[in-house]
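**Student:** Take a look at this one; I'll ask things after.
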Amino acid sequence: MTQTPRRTVLTAAAFAAVTAATAATAAAAVPGRRDAAEPDPAQAPTDALTVASSTIAYHAWTSASDWRSGTGRGTALVSGDRSGVLLRRSQGTVDYTDPHTGITSAWEHATWLSPEHRVRTPGSELIASWNADTPAGTFVRIEVRATYTDGTESPWYTLGVWASGDEDLRRTSLNGQRDGKSSVWTDTVAVDDTDGPLRIAGYRLRLTLHRKPGLTVSPVVWRVGAMVSDVPDRFEVPASTPGVAAGTELPVPPHSQNIHIGRYPEYNGGGQAWCSPTSATMILEYWGKGPGADDLAWVNPAYDDPQVCHAARFTFDYEYEGCGNWPFNTAYAASYPGMQGVVTRIASLADAETLIAAGIPLITSQSFYEAELDGSGYGTAGHLMTVVGFTADGDVVANDPASPSNAAVRRVYKRRQFENILLRTRRLDAGGVERGGSGGVVYLFFPARPTAAQRRALAAVGVR
């Protein structure tokens, strides 16, 4: 049968995991949204299907030779310790009407077009991510054109209109893009009929760099790439065994999203929906990054952990109406000097152990009902948390933002339970209705100049 795209059934990290005590508050704050916790189930799913791991392929353009392999119109190469492209010569002006403010403005622009990248194994989904510096008065548009296995091409799909600030325009995804073969679900290009033979065989990415006329500053894009995967439908995944990170726990600072309930409801109702920016804040602080005092001046001084409020504001997708647009979170992380961020998938917890052993924590996307994850105390249609280590027995040490306080954030979850809810693509909800799962989607934040051990770990999960 034709599947419902996974994005529409809450694979998105933005959807809050709320405890039973706060579920009513969340539902009242955002009526009808899919952020509320699910009730406990009467029984667990019974028709499990074990299948082999999927093929996951991430590719990026980051080096000087990478950028030279593309075609620039008005762009120039930034060389040095970190290579990128910037707007050097305007190719004219274009009008952009912000769909969320109605304001039309003229912008100078230049473009960079990647060569076509052919994937080793055609996939059913594509998720792009990017790292860019966007000074005031600038923004970038990121687009993709997929090549299908039947030889045809998709239209140019917009995957993001991105600026790290929100003074000039509202950062946004674009709903309603489709061609009868694939559709865009916020940040994911998904083949419509995964039971059929059609798949994504390759793609090109296009960057359009914009600035206000008369300015001399330019946006700079340091990294752009995409992950293509063909994750098989599965209710259950093979179990991995404890490995290289058993007994390793990274000192990632804990932050609770629930202490922010009701704060700044214009950003998806408040903290009960901020699992993604709260997780992003934790890992950025692990790397010694985050907003400064001047950046936080807009936050009510009575609020503790104002940096979480800041992350919610500056990851918010005005089309999606949430803070869980995956590449918007990695782009936010990479807006801090010396940081990179990508969206990809992992195939098993062995991949997570490889990263943890090299000192790289990760943000994971999962959905479950309470009985599926002992010690969680809640159920969720989609939630982000951070994996910060493993016990000596191989269980997962997670900083779970769906906690009543910062002190309660650190959790230990059973390895088998955590691995299955993270990697599966199909599940039954509390009412026995079939839903989707993320299939192992993760965010990775790491230094622009990783150590040799970190480079090896990243390469082991397909990221360079």
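Quick note: the coordinates plus some simple rules give every number you see, no bench work behind them. Everything numeric in this text was worked out from a predicted model, so none of it was measured. Reconstructed Cβ throughout: ideal geometry from the backbone, glycine too, with neighbour counts over all protein chains shown.
**Student:** Taking N as the number of residues in the chain, what is its Cα Rg relative to 2.2 N^0.38 Å?
**Tutor:** On the way: Rg = 20.8 Å, N = 464, 2.2 N^0.38 = 22.7 Å.
Against the empirical 2.2 N^0.38 Å value, I get 0.92 for the chain.
**Student:** Hey, what angle do you get for helix 306-315 against the long axis of the chain, alpha-carbon based, 0 to 90 degrees rounded to 10?
**Tutor:** 60
**Student:** Something else about it: Hey, how many Å between the Cα centroid of the stretch 235-295 and the Cα centroid of the stretch 395-464?
**Tutor:** Measuring centre to centre over Cα atoms gives 11 Å.
**Student:** Continuing with the same structure: Show which aspartates and glutamates lie in cross-link reach of residue 414 when reach means a straight Cα distance below 19 angstrom and same-chain residues fewer than eight apart are skipped.
**Tutor:** 40, 236, 249, 351, 353, 370, 372, 374, 393, 395, 400
**Student:** Taking the alpha-carbon distance from residue 289 and a cut-off under 15 Å, which aspartates and glutamates remain once sequence neighbours fewer than 8 residues away in the same chain are dropped?
**Tutor:** Result set, ordered by chain and number: 305.
**Student:** Moving to a separate point now. With contacts defined as alpha carbon pairs under 8 Å and 6 or more residues apart, what's the relative contact order of the chain in percent?
**Tutor:** Relative contact order comes out at 23 percent.
**Student:** Could you tell me the relative contact order of the stretch 56-229? Use alpha-carbon pairs under 8 Å, at least six residues apart, and round to a whole percent.
**Tutor:** Here the relative contact order equals 33 percent.
**Student:** Indicate the gyration tensor shape class of the stretch 56-229 (rounded, prolate or oblate), computed on the Cα atoms with a ≥ b ≥ c the square roots of the eigenvalues: a/c under 1.5 is rounded; otherwise a/b larger than b/c is prolate and the rest oblate.
**Tutor:** Because a/c hits 1.5 or more and a/b fails to exceed b/c, the stretch 56-229 counts as oblate.
**Student:** Going through the stretch 186-286, which GluC sites (Glu not before Pro) have at most 16 other Cβ atoms within 10 Å and a DSSP loop state?
**Tutor:** 266
**Student:** Let me ask something additional. Tell me the Rg and the Dmax, in Å, that the Cα atoms of the stretch 390-464 produce.
**Tutor:** In order Rg, Dmax, the Cα atoms of the stretch 390-464 give 15.9, 48 Å.
**Student:** At most 10 other Cβ atoms within 10 Å and a DSSP loop assignment: could you name the trypsin sites (Lys or Arg not before Pro) in the stretch 77-172 that fit?
**Tutor:** none
**Student:** 7 Å from Cα along Cα→Cβ at both residue 68 and residue 416: what's the point-to-point distance in nm?
**Tutor:** Computed distance between label sites residue 68 and residue 416 equals 5.4 nm.
**Student:** Please enumerate, by chain and number, the aspartates and glutamates with C-alpha under 14 Å from the C-alpha of residue 181, excluding those fewer than 8 residues away in the same chain.
**Tutor:** Output for residue 181: 125, 150, 153, 192, 193, 195.
**Student:** Which one of 403, 308, 189 has its Cα pushed farthest toward the positive end of the charge dipole of the chain, where Lys and Arg give +1 and Asp and Glu give -1 at the Cβ?
**Tutor:** Of the listed residues, the answer is 189.
**Student:** Looking at the calculated P(r) for the stretch 92-173, what percent of the C-alpha pair distances fall above 22 Å? Don't jump to the answer; show the numbers that get you there.
**Tutor:** Details: 1186 of 3321 pairs.
Counting every Cα pair in the stretch 92-173, those more than 22 Å apart make up 36 percent.
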